[in-house]
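Quick notes on the structure that follows.
The values are calculated or read from the model by the stated rules, or taken from the named source; none is laboratory data. Since we're looking at a predicted model, the values are computed, not measured. Counting neighbours? That spans all protein chains shown, and the Cβs are built from the backbone with ideal geometry, glycine included.
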Amino acid sequence: MRATIRHAPKAGNSEAEYEDAYRLAPASGGSGRLRVAVADGASESMLAGRWAGALAEAFAAADGPAYDDPAGFAATVATAADGWPDLVAAYVADRDDRGRPLRWYERPGLAKGAFATLLAVAVDDGEEPGWRAAAIGDTCLFHVRDGALLSAFPVESAAEFGTAPPLLGTLGADPGLIAERVLLRSGALGPGDVLYACTDALAAWILARTEDGAPPWDVLDGLDDAGFADWLDAERTAERMGNDDVTLVRVAR
Amino acid sequence: MTYQAEISRANPSCFIFLVDQSASMVDPIGGSGGVTARKHEVVADALNRLLTEIAIKCAKEEGVRDYFHVAVIGYGARSAAPALGGDLAGRRLVPISELADHPLRLEERVKKEPDGAGGLVEVTTQFPVWIEPVANGATPMCQALAEAKALVAEWITQHPRGFPPIVLNLTDGEANDGDPVAVADELRLLGTDDGEALLFNLHVSDAGGSPVTFPDSDAGLPDAYARTLFAMSSELPPHMQSYARQNGYPIGETAHGFVYNADVVSLVQFLDIGTRALALR
């Protein structure tokens, strides 16, 4: 399998302000089994990018049940959340060391914790090729065969995107509730099939194009890194895509 | 579609707060009967909490992002004039990051919060203060609205495609420099490509009656001051109505940005600056 990654911060933001995250295991992508985790830190929360990174990290490192069992999914989220207090403590200590202690306006956000959406996909290119995916929120997976969309998960229409998707939080997460809310799906892979995992702004664009009868796959496949950035600029300027962090992981057999 | 423009550092919006600092504001809310909160204290507290909420909403790891610029105009003895003090004295529109870094002072307040084991624990939080209660002189509300109109006009020239300015007037409604409705109408006609400027009113009153939040009509409002302020208030745009409902306000299709003797701070949560930080439900 071959994985290709494109990502970009919001227009007007620096790379350091990019708050999506992605992890692949193995990182090279060149194996018969591949795990892909893509997370999108909620922009209104503090340290959202770090939480997205922690979630993606935990899922890339997790095995089967994280991808196809609600309790396994919740347990993997709990693994990421368990590390959160140490991560915040390290952040606060670093701010102190740099002579920039926390200000009054940062404390409420830190106390509330960080939030992110997550899509985790396990792809198996062995004897029974297929994928298993688990998601909370609006980071999406598209399964494409011969230029046609076979499956859109977990959001199925462009109209469903908004500013309040379901989110995984760092604090007080109830594993029972997460297990109840997580959405699971699987699919069989055929020869030449392609999977696209992406965060919400691009996912909304993909679904809008598809609904308009203008399949977007050739456009996306034809872009290299530099071309991707220019193309995003153009789509955002034309207001065909919301100004948001964008992440795309394309996996081809 | 209106009121859909992105609010970001590249496309900021602005808040203009008008705070009534006239002599009548010293009266207690709800008349006599043991109520101790006075109108000028209530509006100063509401304004400090609004500014706090906006700063917190815009806070990220390396400081407060300038999604909004904010002006506070006081009206009373000194006519209508910039009301921020300290390092911000005399300033009109101030980026929210600068405002966040320059309160007059930070007060320590003790709050009781759940301790996670069924009990309560006392937590000390910092509460910034930018505005002190003031009650002195006449009520030049028309002048204050004219000042807001000038600020709005200047802002929309610089940000013609942005989310429209929001003006919030905090008052007991007893204008004595003319009829404020005309200038309010003129203000609301100004706008950007994204919609007309929004004028909202917080009415603090000693007339009593039940608190009212974002009503559809002026039926049931206690007096002419309340009805006038209601008439001056913009309707809440659809997406703000939707957030109001999510925040538990059972409002109608023509809900106005008018609040009578009730909390107005939740208004900040009706604005979008990105994905909301809400726990799974």
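Observations
- Exclusive hit being among the basic types (Lys, Arg), within 14 Å of chain B (Cβ to nearest Cβ) and within 16 Å of A:ALA120 (Cβ to Cβ), set A:ARG185, A:ARG236, A:ARG181: A:ARG181
- Segment A:198-233: number of residues that are touching a helix residue (DSSP H, G or I) at 6+ places or on another chain (Cβ under 9 Å), touching a residue at least 12 places away in the same chain (Cβ under 8 Å) and either in a helix (DSSP H, G or I) or within 14 Å of chain B (Cβ to nearest Cβ) (or both): 16
- Scanning segment B:204-243 for residues that are in a helix (DSSP H, G or I), under 25 Å from B:ARG38 (Cβ atoms) and either in contact with a Leu (Cβ under 7 Å, 6 or more places away or on another chain) or in contact (Cβ under 8 Å) with a residue 60 or more places away in the chain (or both) yields B:ARG227, B:LEU229, B:PHE230, B:MET232.
- Test result for B:LEU280, in contact with a helix residue (DSSP H, G or I) (Cβ under 7 Å, 6 or more places away or on another chain), within 14 Å of chain A (Cβ to nearest Cβ) and assigned to a loop (DSSP other than H, G, I, E, B): yes
- Single residue of segment B:109-129 satisfying the filter (outside any strand (DSSP E or B) and not hydrophobic (A, V, I, L, M, F, W, C)) that is farthest from A:TRP104 (Cα to Cα): B:GLY118
- Of residues in segment B:51-79 being closer than 27 Å to B:ALA175 by Cα and surrounded by fewer than 19 Cβ atoms within 10 Å (Cβ to Cβ), the one nearest to the other protein chains (Cβ to nearest Cβ): B:ARG78
- Residues (more than 25 Å from the chain's Cα centre (by Cα) and among the basic types (Lys, Arg)) located in segment A:94-126: A:ARG95, A:ARG98, A:ARG100, A:ARG103, A:ARG107
- Which numbered condition B:ALA184 misses (of (1) in a loop (DSSP other than H, G, I, E, B); (2) touching a helix residue (DSSP H, G or I) at 6+ places or on another chain (Cβ under 8 Å)): (1)
- From A:ALA66, A:ALA3, A:ALA58, residue being surrounded by 18 or more Cβ atoms within 10 Å (Cβ to Cβ), modelled with pLDDT under 95, closer than 17 Å to A:LEU168 by Cα and among the small types (Gly, Ala, Ser): A:ALA66
- Of all residues in segment B:214-227, those satisfying the criterion of being crowded, with 20+ Cβ neighbours inside 10 Å and either closer than 27 Å to B:THR2 by Cβ or in contact with a Lys or Arg (Cβ under 9 Å, 6 or more places away or on another chain) (or both) are B:PHE214, B:PRO215, B:LEU221.
- You will find that of A:TYR91, A:TYR105, the residue that is in a loop (DSSP other than H, G, I, E, B), within 30 Å of B:GLN126 (Cα to Cα) and not acidic (Asp, Glu) is A:TYR105 and no other.
- Positions within segment A:70-107 being charged (D, E, K, R) and in contact with a strand residue (DSSP E or B) (Cβ under 8 Å, 6 or more places away or on another chain), in sequence order: A:ARG103, A:GLU106, A:ARG107
- Meets criteria (under 17 Å from the mean Cα position of the chain (by Cα), within 25 Å of A:THR163 (Cβ to Cβ), among the aromatic types (Phe, Trp, Tyr) and surrounded by 14 or more Cβ atoms within 10 Å (Cβ to Cβ)) for B:TYR249: no
- Qualifying residue in segment A:183-197 (condition: touching a Leu at 6+ places or on another chain (Cβ under 6 Å), at pLDDT 95 or above and of a type outside the set (Val, Ile, Thr)): yes
- Residue match in segment A:153-170 (condition: part of a strand (DSSP E or B), more than 9 Å from chain B (Cβ to nearest Cβ) and under 18 Å from the mean Cα position of the chain (by Cα)): yes
- Single residue of B:GLY274, B:GLY252 found to be part of a loop (DSSP other than H, G, I, E, B) and away from every other protein chain (no Cβ under 14 Å): B:GLY252
- Taken over segment A:81-118, the criterion of being more than 10 Å from chain B (Cβ to nearest Cβ) and among the acidic types (Asp, Glu) is satisfied by A:ASP82, A:ASP86, A:ASP94, A:ASP96, A:ASP97.
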